[in-house]
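Novice: Please see the structure below; I have some questions.
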Amino acid sequence: MALKALDIYKLLPKKNCKECGDPTCLTFAMKLAGGKADVDLCPYLDDNAKSVLGASTRPPIRLVKVGVGERNFKVGEETVLYRHEKTFYHPPGIVFKVDDTQPDEEIAAITRRVRDDTLTRVGSELRFNGIAIENTSGSAERFAHAVSVVEQQQAHLPPVLITTDPAALSAALVHCGSYRPLLHAATSGNFKEMCSLAKLHGCPLVVRADTAEGLVRLVKDCTAEGIQDLVLDSAPENLGAFLVRSTQVRQLAITRAVPEFGYPVYLDCEKTGFQDAGLVLGISKYASVIVTRPLTPGPAKAALTLRQNIYTDPQKPIQMTPGLYRVGTPDKNAPVLMTVNFSLTFFTLQGYLETSRVPCFMLIVDTEGLSVLTAVAAGKLNEGLVRDTLKKFSVENEVTHRKLIIPGYAAPISGRVEEATGWKVLVGPRDAAEIGDYLHETWKKEAGA
Amino acid sequence: MTDVELAKKQGEMQLQGRVAAISGSFTYDETAYHLPISFALTGTAVHDKSASQAVYAKTGNNPIVASECLLAETTARNGKEPEPYTGFISDTVIRKLGYSLVDGSILGLALIVGRPDSAGTAAAICRELQEKYMLTFLAGEVIPSLSSAGVKLGLDYRLIPLGSKPAYGIHFVDIIARVAMMFGGVTPGDTHRLLAYAAERAKAIVIVFPGLTDEEVALVDGMRVLGFPILTSRGYEGGTWISAGPGDIVRKGMDEKGIRVNVTAIPIPMGCSPAFEGKSIRKEDMYVEFGGGRSPAFELLRMKDAADITDGKVTVIGPEIDAMKEGSANPLGIIIEVSGKTMKKDYEPVLERRIHNFVNYGEGSWHVAQRDLIWVRLSKEAVAKGVKIEHIGKLLASKFRMDFPSLLDAVSVTIITDPAQVAAMKKEAEVIYEERDARIKGMRDNDVSTYYSCTLCQTFAPNHVCVITPERPALCGAISWLDGKIAYEMSPSGANQPIEKGTAINVQNGEFEGVNRFVKKASHGEIERCSLYSVMEYPMTCCGCFEAIALMLPEVNGIMVVNREYKGMTPSGMSFSTLAGTIGGGAQTPGFAGISKNYVLSDRFLQGEGGIERLVWMPAQLKEELKVRLEKKLADQGKAGFFEKIADENTATTIEDLMVYLDSIKHPALGMKPLV
Amino acid sequence: MTYDLAFGWTGTIGTVTLGATKADGGSRKVSWQIGGGTTLPFMEPPPSSPSPLIAFEICDNPDYWSPIIRNYCGDIVSSPAEWAKAAEQSYGADIVRLYLTSTKARNFSDIASVGKTLEAVLGATGLPLIIEGSNEPKIDSEVFLKCGEAGQGEKLLLGTAEAGRYRSIAAAALAYNHAIIAQSPIDINLAKQLNILLREIGVQRDHIVIDPYTGSLGYGFEYSYSAMERIRFSALKGDADLAMPMICSPADTLTIKEVREADAKDIDDVAIAWEFYTGLAAAAAGAEIICVRHPKTIGMLRAAFADMKKLPAAAEVR
């Protein structure tokens, strides 16, 4: 059980020295309680306080960084089993895998694709995260060559090097050792050599074992060798095994019952025999590094979107950027529909508007992500906001009419909006599903009048 | 004139004799429930003399059981009666009838037996039952009487002729027994549940005309056990039957059984929808106005006895719209009288506030403020369409019934435009307002044993449970204890549930055993304890909607409050939004509590920490907002002058400045028991 | 040291039976029982809880259906009976879910045709059926009465009850012993409230399937995902009013821009991917009936479910 801010405060020096960067000890205690600060920032803690606070405020799952530069990704530092309890913080890195036996041009093309492919959704750029190279050939030379081909593309993508042969790994690290590649994998047979390579190059290391006992033992062995940045591969042979082991690791890690499980989880979808299902379950059930074969367009977009959905903070709805959005190619007589910038509201309305096939404008006002009902109740959605937004985006230049359709739940402010803007306000339906009928019937009549 | 008690006794004896003489075997086709009443009551399948007698004896010589067995015997011997009589009705049809009952397309069931005085009387009663979505069964001479008046009979007309004699009314009971078994989960032989179902779930009434034999009187009277009201307009005396005039008998029966017709459309020449709520009526669009300082006006909603209210009645006292000059201001009194089995006097002000919404729902009617401050306008457009004062009354009467179907049984509206009467009634209303204020003001947490929960915010704050008490409104400021209570009455399975507070664990902190139990359950086991009046120990969880946050400032041994509107930095080193992000989401964070702004005015505020003297800092704007009320309260408590000691952003925005300031003014919190 | 998980659940997901075979008074070739789970989805060894069922969705007026599916399935879509037969024999579904989209037509009044369609579909397939009744409150009463009657004895699953609109469907369930889908708009509390309303009207718990509503992937699916996880969690924690199996239909994915406007050559793959990703994630969150509209999604889901049911030998989760 995590300590509450008050309990933490009691252990702090209460000097308000500000040396931790926070204005008061209370503020620092709040951050510690939320896992957003490190105990070591406080210079005046006695050892006893430090150990008590350290054990209970340090993130139960270690944050591990893979790669360097702009495209590096960080995983771990998760605190819950269900996203609704708080949120999932660090989206898994999804890594495309190539074999070192593939032709150079194929390896190069896949690398460039991961470098360039971008899906823009809800104002975020979604990308795949890295390239995994598997030593399928068994040859150290071939492996090193394949890695060099990847690096030649200047993609600066985090690499994952898949081989249990220390010699092959050593050869490959010549090409990318300083880029913090993820090394896969240390096993009971090779961990000493793998650890020394990881140490030498300062790389995170995956440990692989197919039982809980085996994993715990390996983690102990590797930490004893001085490696802290570990990732766990429970070598699931099927999807069921993945679900059970991954849940086990997450649950026992966040409850701090098994500290050796306090590391991010690795999943190679191919090893389960199910690429798409592996991705779905990996994303939703606690995998932090997911290795997959390159995806075709359908699954590629679906996977990125699912990851974005699952890793959205459930307590903070995604907000749309306020502005004037077009549905179809609206002309100067097209209807203007105002609504809030809560993304779910926006997308729901947009979907129904597209289905209605009536070209129109959507005027999105900034309610800080509140829904219509809440924004009206809280006074956030008011006539001043609507007036200012109409002006800011020069809506009067886009249409010749002066009619604004507002959501049904915003009806209580319709009169005031009319006064403030001089636009005629039409109250639309409460349910977005009815907007099509509304445009076809009421708006048509109104536009004709 | 038949004496019911006497006839019943004789009838029961005759039935006993006839049951003893039953012979042969008898069975109904098209049912899986044998003789349904006997089967439902005892679980025995009756098909012959011995079983009949056994069940009859087992049910204490019940006249209904006797009638069922005897009619089955008769039907087996003589065959079914010819058309139009239906006789025993098959399971397939019952299933359809049951469907319509659950579905709500039939509101209830009625049985009419006997011989009406005239065909016209019977036809009028049947028409009323049809209009009120009742399914009516007929037995005896009422049937030929209706036919002679040209009334069409049959399932499509919701009038079902069971048989030529009142004794066929027994089928009415076997239908209800089967509905109970098919739809009500009543297992055959479970007498207790059958009776409970018949009394509570089956919405059935019986109307009796003259001409029943003693046996038939015994049968009908026996139905009282099932909770059916027996109504008659003439011909019977004694007993416990309800008498009612022919014009009143259906309404009385339905009232008695609690069968309500839902209003769906409002017959007025203006649109009525929440979509019109925010439309204002400008001066140039206005036809007439009332109140708003231009003329006397008030509104009042009060509870009355059911007997004193005619549901749906709208009265206008004084000139109608056509007698008012365009553009004029006129006096107005809106008086709404309501009754309902679960209605309570405490709900009056909450319902009264709805007048505002409802009048605004009208397309062309506009309303602001409340009580004797109201301001109402009617638009030119509406008046041109034929809208009158009376229609506003109709709108109100209908909307109250539609929106509070389970709370209100009857609503009547009186609208006064006569100046003298408005003046007189306004005085009366003002007395009532004062009484209400006194009552609500005086309401203390200790006066009630039940608090209310609000879990509306669990959508995004999964374990948040708001506990609402008379002195501590919901932390969003939007729901008072009374609101919670009414919301629960209207929607018993909704987000506001009653909490029996139980015994006190810590009086000062406001921790109660019952509250803890409820909070643990409603938070899915996450929150074990909850103190209603403490910020430091087990404070209530925070969703995200709180109007303000109260939090400890250990350096100054005090508590500060910051409201949502304040965007600047606070002495805690955190702004409102940083704080909100840290403590929200349904967590319990000792030292921090989400509160409503008005809670600062409550005697319970900071009780756990030793009282309002703990308050060290509050944004200037919030201070200003609360100033008048808070200063008065402090003065009443002998703490005049304390208000000035509460710091704000003008005196301190850092903890260091605050410490200096509080020291300089000798703030009482500095000398209180240590917080941490 | 043991690494087994112990959640300390106290509740069990209730069971619901769909479809009645001859032995039970119906004419279905199979009857399914869903529910019965005692821990998180896919965490317990078979046979204590079965794999999720895969329902194939069809309709009786394809004008209201996605052109992607119309093009893929071909002429068959104009005959609900033929389409249902294909769902069983060619596509390999577990259940057929028939949407009576014909009732969407303005002023629809041919109630008898609903009964005929239902009878034809019952005749064409031996699979249990889900029937989605009227789209118009005014005709609810007649449509559900017809559905209830025509499917008497078959243990249909009838859809869809909502908070403001559940009486007719509850009546049909009670009168003709069918189960019903109770849908609430992605909110655990509203889901619970509706279940209580249904209980009050007499519908037994083992006749209710919860539909927390599935928002499309990318358009609110995260809310649905968490609503499902929370319902399952509350049920296992002992909340009997939420302890019913859940159904998920990712039908909305076919209408979103990413799918609707995909390149013609990719469009089937895109549609399948979005249905599959949504449906499988929902199953991981606890849904036990996954509905699809693209025939090719069925095989993918089935293979994945079978593999998810395989467990590592030693695992124990309580």
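The values are calculated or read from the model by the stated rules, or taken from the named source; none is laboratory data. If you're wondering where the values come from, they're calculated on a predicted model, not measured in any experiment. Counting neighbours? That spans all protein chains shown, and the Cβs are built from the backbone with ideal geometry, glycine included. Note: areas computed on protein heavy atoms with side chains; ligands, DNA, RNA excluded. Shrake-Rupley method; radii C 1.70, N 1.55, O 1.52, S 1.80 Å.
Novice: Taking the DSSP beta bridges in the protein assembly as shown as the whole, what percent of them are antiparallel, to the nearest 5?
Specialist: Of those bridges, close to 35 percent are antiparallel.
Novice: Still on this structure, I have one more. Note the buried accessible area between A and C here, summed over both chains, with a 1.4 Å probe, in Å² to the nearest 100.
Specialist: 4100 Å²
Novice: I've got another one for you. Between the range B:440-488 and the range C:283-314, how many Å separate their Cα centres?
Specialist: 44 Å
Novice: Also, I was wondering about something else. Kindly flag which residue pairs out of B:K501/B:K632; A:K18/B:K567; A:K380/B:K597; B:K8/B:K152; C:K29/C:K146 have an alpha-carbon separation exceeding 26 Å in this structure.
Specialist: Cα-Cα > 26 Å for B:K501/B:K632; B:K8/B:K152; rest within.
Novice: Taking H placed 1.01 Å from N in the peptide plane, check which residues at least 5 places from C:E132 or on another chain put their amide H under 5 Å from its amide H.
Specialist: Those lying under 5 Å, H to H, from C:E132 are C:L98, C:Y99, C:L100, C:G159.
Novice: Further, regarding this structure: Take B:R294, A:R71 and sort them by solvent-accessible surface of the protein heavy atoms, 1.4 Å probe, largest at the top.
Specialist: Largest accessible area first, the residues go B:R294, A:R71.
Novice: Convert each backbone phi in the range A:425-437 into a coupling constant with the Karplus relation 6.51 cos²θ - 1.76 cosθ + 1.60 (shift: θ = phi - 60°), then list the ³J(HN,Hα) values in order as whole Hz, x for Gly and Pro.
Specialist: Using θ = phi - 60°, the values come out as 9, 10, 8, x, x, 7, 9, 4, 4, 8, 5, x, 4 Hz.
Novice: Keeping all protein chains in the complex and leaving out DNA, RNA and ligands, what accessible area do you get for B:I281 with a 1.4 Å probe, in Å² to the nearest 10?
Specialist: Spelled out: B:I281, probe radius 1.4 Å, area about 20 Å².
Novice: For chain A, what proportion of DSSP beta bridges, expressed in % and rounded to the nearest 5, is antiparallel?
Specialist: Within chain A, antiparallel bridges account for around 25 percent of the total.
Novice: Still on this structure: If amide hydrogens are placed 1.01 Å from N in the peptide plane, which non-local residues have theirs closer than 5 Å to the one on C:G238?
Specialist: Here the answer is C:T10, C:G11, since their amide H atoms fall under 5 Å of that of C:G238.
Novice: Could you estimate the translational diffusion coefficient of chain B from the Stokes-Einstein equation, with Rh from the Kirkwood formula over C-alpha pairs, at 37 °C and 0.692 mPa s, in whole µm²/s?
Specialist: Translational D for this selection: 110 µm²/s.
Novice: Using the eigenvalues of the Cα gyration tensor, what equivalent ellipsoid semi-axes result for the protein assembly as shown when each is taken as the square root of five times the eigenvalue, whole Å, largest first?
Specialist: Gyration-tensor ellipsoid for the protein assembly as shown: 60, 44, 32 Å.
Novice: Mind grabbing the interface size between A and B? I mean buried accessible area, both sides, 1.4 Å probe, in Å² to the nearest hundred.
Specialist: Chain pair A/B: roughly 2300 Å² of buried accessible area.
Novice: So, one more: Report the longest stretch of chain B that contains none of the GluC sites (Glu not before Pro) sitting in a DSSP loop with at most 14 other Cβ atoms within 10 Å.
Specialist: B:31-319
Novice: If I compute solvent accessible area with a 1.4 Å probe over the protein chains, what percent of it on the range A:5-57 is carbon and sulfur?
Specialist: Carbon and sulfur atoms account for 50 percent of the accessible area of the range A:5-57.
Novice: Still on this structure, please answer the following. Scan around B:S453 for amide H atoms under 5 Å from its own, H built in the peptide plane at 1.01 Å from N, and keep only partners 5 or more places away or cross-chain.
Specialist: Under 5 Å from the amide H of B:S453 lie the amide H atoms of B:I468, B:Q497, B:I499, each far enough along the sequence or on another chain.
Novice: Checking an interface number: how much accessible area is buried between B and C, summed over both chains, with a 1.4 Å probe, in Å² rounded to 100?
Specialist: 1900 Å²
Novice: I would also like to ask the following. List the residues of the range A:323-345 for which accessible area in the full set of protein chains is at least 40 Å² lower than for the chain on its own; 1.4 Å probe, protein heavy atoms only.
Specialist: A:L344
Novice: Determine, from the Cβ-Cβ distance of B:V448 and C:R106 and an R0 of 51 Å, the FRET efficiency 1/(1 + (r/R0)^6), rounded to the nearest 0.05.
Specialist: E(calc), rounded to 0.05, equals 0.45.
Novice: Moving on. Give me a comma-separated list of calculated 3J(HN,Hα) values for the range A:216-231, in order, Karplus coefficients 6.51, -1.76, 1.60 applied at θ = phi - 60°, integers in Hz, x for any Gly or Pro.
Specialist: 4, 4, 5, 4, 4, 4, 5, 5, 5, 7, x, 9, 9, 7, 10, 9
Novice: Oh, and also: Report the accessible area of A:K380, computed with a 1.4 Å probe over the heavy atoms of all protein chains in place, in Å² rounded to the nearest 10.
Specialist: Surface open to solvent at A:K380 totals about 60 Å².
Novice: Let me check something: with ligands and nucleic acids excluded, how do B:R529, B:R95 order by accessible area (1.4 Å probe), largest to smallest?
Specialist: B:R529, B:R95
Novice: Heavy atoms only, probe 1.4 Å: what % of the accessible area of chain B goes to carbon and sulfur, would you let me know?
Specialist: 52 percent
Novice: Compare each residue of the range B:168-216 in its chain alone against the assembly with all protein chains, and report those whose accessible area goes down by 20 Å² or more; 1.4 Å probe, heavy atoms.
Specialist: Buried by 20 Å² or more upon assembly, which counts only protein chains, are B:F183, B:R201.
Novice: Per-residue accessible area for B:K49 at 1.4 Å probe radius, Å² rounded to 10?
Specialist: Probe radius 1.4 Å; accessible area of B:K49 about 90 Å².
Novice: Residues of the range C:220-235 losing 50 Å² or more of accessible surface, assembly versus chain alone, probe 1.4 Å, please list them.
Specialist: C:E222, C:Y223, C:Y225, C:E229, C:R230, C:F233
Novice: Sticking with this one: Which lysines have a Cα less than 20 Å from the Cα of B:K427, not counting those fewer than 8 places away in the same chain?
Specialist: The reachable lysines, counting only those whose Cα sits under 20 Å from B:K427, are B:K304, B:K345.
Novice: I've got another one for you. Sort A:H90, A:H145 by accessible area with a 1.4 Å probe, largest first.
Specialist: I get A:H145, A:H90, largest accessible area first.
Novice: Express the accessible area of the protein assembly as shown per residue in Å², computed with a 1.4 Å probe while the remaining protein chains stay in the model.
Specialist: 38 Å²
Novice: In whole Hz, what ³J(HN,Hα) sequence does the range C:215-231 give by Karplus (6.51, -1.76, 1.60; θ = phi - 60°), x for Gly and Pro?
Specialist: x, 5, 3, x, 10, x, 4, 4, 5, 5, 4, 6, 4, 5, 4, 6, 5
Novice: Whole Å is fine, so just give me how far the alpha carbon centre of the range A:229-302 lies from that of the range B:602-676.
Specialist: Value for the Cα centre distance between the two parts: 54 Å.
Novice: Every cysteine in chain B with no other Cys Cβ under 4.7 Å from its Cβ, please list them in numeric order.
Specialist: Those would be B:C69, B:C126, B:C272, B:C530, B:C542, since no other cysteine Cβ in chain B comes under 4.7 Å of theirs.
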